[in-house]
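Accompanying notes for the structure given below.
The values are calculated or read from the model by the stated rules, or taken from the named source; none is laboratory data. Just so it is clear, the model here is predicted, and its values are computed rather than measured. Neighbour counts are summed over all protein chains in view; Cβ atoms, including those assigned to glycine, are modelled from backbone coordinates with ideal geometry. In case anyone asks, the SASA skips ligands and DNA or RNA and just uses the protein heavy atoms, side chains included. Shrake-Rupley method; radii C 1.70, N 1.55, O 1.52, S 1.80 Å.
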Amino acid sequence: MKNFETRAAAAVLLCAIAALIFSFINFFAVKHHDEGNTSIKSVGKKIRRGAMAYLRRQYGTVGIFFVIMYLILTGLSMKGFLSPFVPFAFLTGGFFSGLSGFIGMKIATYANTRTACAAQKGLNKALKIAFSAGSVMGLTVVGLGLLDISVWFIILKFIFKLNINDTMTAMLTFGMGASSMALFARVGGGIFTKAADVGADLVGKVEAEIPEDDPRNPACIADNVGDNVGDVAGMGADLYESYVGSIISCGALAATAGLGFNGVLVPMLIAAIGILASIAGTFFVSVKEDASQKVLLSSLRRGTYISSILSAIGAAILIFTLLPESSNVFWAVISGLLSGVLIGFFTEYYTSDSYKPTKELASSSSTGSATVIIDGIALGMSSTAIPVIIIGISVIVSFFTAGGFASFAKGLYGVGLSAVGMLSTLGITLATDAYGPVADNAGGIAEMTSMPSFVRERTDALDSLGNTTAATGKGFAIGSAALTALALIVSYTDKVTAMGVKLNLSVTNPAVLIGLFVGAMLPFLFSAMTMRAVGRAAQKIVIEVRRQFHEIKGLMEGTAEADYESCVDICTKSSLREMIFPAALGIAAPIATGLVLGCNGVVGMLSGSLISGFALAIMMANSGGAWDNAKKYIEAGNFNGKGSENHKAAVVGDTVGDPFKDTSGPSVNILIKLLSMVSIVFAAVIASYGGMGLF
């Protein structure tokens, strides 16, 4: 048995290393491609320099927070409230989360120029480079995530020889570092990218009536930098913490259910199999020249579907071998896989201009921007129904097929496995998402360097598809966040119950009821803070762009160069300052709620935030994605095309949707998990001092 345990843990570690090796092979393969002439290299260098400057300053700011939290956690561990391993694991979780975003952004800023150059030769060549860059992001995230988990598991289980229950109880608290880093990355990157995007659109497109990526627009470089720091680095950190959180929480539920080492090992090995399946799936992504949007989308789907099938087969063999008496949990994994696919499909249905909802949204532009905004919000609201039903069915199927009738704990383990199943093919799912910003940047570079019009047509085709895959990726992230957060809530209740706390979770309990109200409010307050942050930062960009148009002689004529660095600097300073309070809310809220309402109130708060946050995140992401694609649908020549009144109305809708889909919406799914992680880490403190003796 000892040899089996060691070999199994080593196999998980080796699969993590394989993902990192494959990602670095792709990294250098992308860099090997032609970067283009001096003009293209110059623009690419400006984008790369701006993105790296932002990340250096962001990580410096976040580093201060991590030092403070490390000292606090160390103090709690010295008082006996936490395992002594937690402060160090908190740092590794944050470090690897930030590193995954950094590597992804690094390759994205190398791939953008190369994708633009490849588009001169053919659509498939451009897709290959952009997707290879995306696969670096995807496989780095899963590789680093599984590396962090497996190394800590080996240290605790085989070096310090903790039993399986104590090992998973300790590891459960590790995700706070990843969640904290993810929230900073998502919020900060989202504010940066949307402040630049909104400012560039309002002054450039609407007022000056110049193209989106026209080099005369002073905010165009900041806009392209933002695509990388928000949609690549931010998304990478976001899904890193979802991935890690789902595996750890599922392992903790296995220990609680009495499934022992094998039960804990299953989610780790499913993730390892998913890595191998994702690597295999990347080889099936290719298209013929002049492919339509549906053909391009089918190519990406082919890769993800093949990965899902391979992952399902591997999971079946694994579960029937390691858990023969509980083999029905296999259907929990399948329910998670299918839920991810279905949520992705319906997200695409509501946001792609290939389908009726977005086409109808584009048609509403004929009566002005007000109707575009009204219809876009309504579209987002209506799009919440199907994902909620899908997640509900997944929870029911996974709970009862895992043995929920006979054992409540085993049923909850099934719910945890469904989250792991949904995220098992994250390597390729994230690749299809992260390739979008690369294609978007390539189109901007083609515009700024006056490349032939057919190049921009090809990059626009990839970019439009990228909008759909990005929306699908956000839906996937939100769906997995719901299942992971649910598993974390259960883990929290198990932890405080083990401490001797008697929970009364009836809704008639005032602490639970107040907690539900507080939790339901938090995603709205958080979204308001991030939306206002984008608005304030965008106002500064608008003022700066107007100033340059007015003061730089020859700028509008194209005989003088804009001061791009000023806009990048404004976005950087604004985003770093504005990200602090929303992130602080996610950390302070569960502690304050616990101290006032006790553990019962915390459970209510976590439940309320999960329910309202899940629906709000879907609504905002889908409204924003539909507005963006409605604008592109008009720009493709429909409803009077570019420059028309329809187009101007759609641009306003897209501008409103920018912070919806790229700042507030995707950040909410991190918030609901961070609240759970912080609650778990501070559970002993709340159990000892919370509730003021009343609850």
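Numbers below:
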quantity: With Cα atoms, 0 to 90° folded angle of helix 426-448 axis to the chain main axis; calculated: 20
quantity: Rounded to 10°, Cα long-axis angle of helix 665-681 versus longest principal axis of the chain; calculated: 20
quantity: Qualifying aspartates and glutamates (Cα of each under 12 Å from Cα of K356; at least 8 residues distant if same chain); calculated: E348
quantity: Qualifying GluC sites (Glu not before Pro) for region 187-252 [loop in DSSP, other Cβ within 10 Å: at most 15]; calculated: E209
quantity: Cα-based shape type of region 332-483, given that a ≥ b ≥ c are square roots of the gyration tensor eigenvalues and the cut on a/c is 1.5; calculated: oblate
quantity: Reachable lysines, given that their alpha-carbon falls under 20 Å from the alpha-carbon of K157 and they are not under 8 places away in the same chain; calculated: K2, K495
quantity: Gyration tensor verdict on region 120-226 (Cα atoms; rounded if a/c is under 1.5, prolate if a/b is larger than b/c, oblate otherwise); calculated: oblate
quantity: Chymotrypsin sites (Phe, Trp or Tyr not before Pro) within region 248-325: DSSP coil, no more than 14 neighbouring Cβ in 10 Å; calculated: F283
quantity: Accessible area of the chain divided out per residue, in Å², using a probe of 1.4 angstrom; calculated: 34
quantity: Loop sites in region 514-622: GluC sites (Glu not before Pro), DSSP, at most 14 other Cβ within 10 Å; calculated: E557, E561
quantity: Two-site label geometry, V388 and I580: point separation in nm, points 7 Å out along Cα→Cβ; calculated: 3.7
quantity: Degrees, to the nearest 10: 293-322 long Cα axis against longest axis of the chain; calculated: 10
quantity: Given (i) 77, 25, 24; (ii) 40, 27, 23; (iii) 56, 26, 24, the label whose value is semi-axes √(5λ) of the Cα gyration tensor in Å derived from this model; calculated: (ii)
quantity: Residue pairs, from the table K553/K631; K106/K573; K45/K128; K46/K540, whose Cα atoms sit over 26 Å apart; calculated: K553/K631
quantity: Carbon/sulfur fraction of accessible area - the chain, other protein chains in place, 1.4 Å, %; calculated: 66
